[in-house]
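The values are calculated or read from the model by the stated rules, or taken from the named source; none is laboratory data. Quantities reported herein were computed from a predicted structural model and do not represent experimental measurements. Ideal geometry is used to build each Cβ from the backbone, glycine not excepted, and the neighbour counts take in all protein chains shown. With ligands, DNA and RNA removed, areas are computed over all heavy atoms of the protein, side chains included. Shrake-Rupley method; radii C 1.70, N 1.55, O 1.52, S 1.80 Å.
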Amino acid sequence: MNATTPLLSPCHCAKLRRATRAVTRLYDERLAPSGLAVTQYSLLRALSRLEPATAGDLGAAMGLDRTTLVRNLKVLSDRDLVAASPDPADGRVRHLRLTEAGRLALAKAEPLWRTAQAELEDRLGRPGLDGLAAVLAGLQTFGG
């Protein structure tokens with residue numbers, strides 16, 4: 001076996017993680033001209049639909065643990081794509097929103113994301129994607 005031959009594993013989790021890395025790589029490559037990784041694009045897109053939202057709202061909607069969410073939000077905040085402001089009724093609560101730069105970044109990334117979506121659909125075909133969506137929906141019920 002050489003370095004380019006994948007290690008065949010009977011482990012379902014290992015196979016799923018390998019597939020996830022391959023799909024993430026596809027999206028990251030297509031989104032590269034926008035300056036966003038697919039994880040960042042997904043957060044911006046979710047926030048655009050929820051805003052204003054608390055970190056808890058956003059984390060729950062995306063199925064992310066707090067540590068992962070905060071780490072990713074910090075990157076977006078440092079790039080001035082997301083801003084947080086205190087709730088007028090409860091200063092301990094912070095509401096997240098896209099900045100103008102965040103909206104522009106999302107708009108620039110949208111057609112690139114659509115390209116990645118189309119490539120994946122071409123690769124798997126509609127029946128394959130429908131089956132994958134059903135399997136993934138079932139898997140999301142684990143651990144929760």
Summed residue charge, Cβ within 9 Å of L26's Cβ, Lys/Arg positive, Asp/Glu negative: 0
Counting only residues 5 or more places away or on other chains, whose amide H sits under 5 Å from the amide H of A53 once H atoms are built in the peptide plane? L96
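Any idea what the relative contact order of the chain is, in percent, if you count C-alpha pairs under 8 Å spaced at least 6 apart?
Once normalised by length, the contact order is 23 percent.
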Nearest-0.05 FRET efficiency for E119 and F142, computed from C-beta distance (R0 30 Å): 0.60
Label D87 and A61 with points 7 Å out from Cα along Cα→Cβ: what is the distance between them in nm? 1.6
As a check on your grasp of the helix formula, calculate [θ] at 222 nm for the chain: sum -39500 (n - 2.57) over DSSP H runs of n ≥ 4, divide by the residue count, round to the nearest 500. -22500 deg cm²/dmol
Around A116: net Lys/Arg minus Asp/Glu count, Cβ-Cβ under 12 Å: -2
Could you compute how much accessible surface D122 exposes when probed at 1.4 Å, giving the result in Å² to the nearest 10? 130
Leaving out ligands and nucleic acids, note down the accessible area per residue over region 1-129 with a 1.4 angstrom probe, in whole Å². 65
Could you tell me the calculated FRET efficiency between S77 and S48, based on Cβ-Cβ distance and R0 = 22 angstrom, to the nearest 0.05? 0.90
Considering amide H positions built from the backbone, and no H for Pro or chain starts, which residues 5 or more places from V82, or on another chain, come under 5 Å of its amide H? S77, T99
Expressed in square angstrom to the nearest 10, the accessible area of K15 with a 1.4 Å probe stands at 110
Take the solvent-accessible surface of the protein heavy atoms, probe 1.4 Å, and return the percent of it on the chain that carbon and sulfur atoms account for. 59
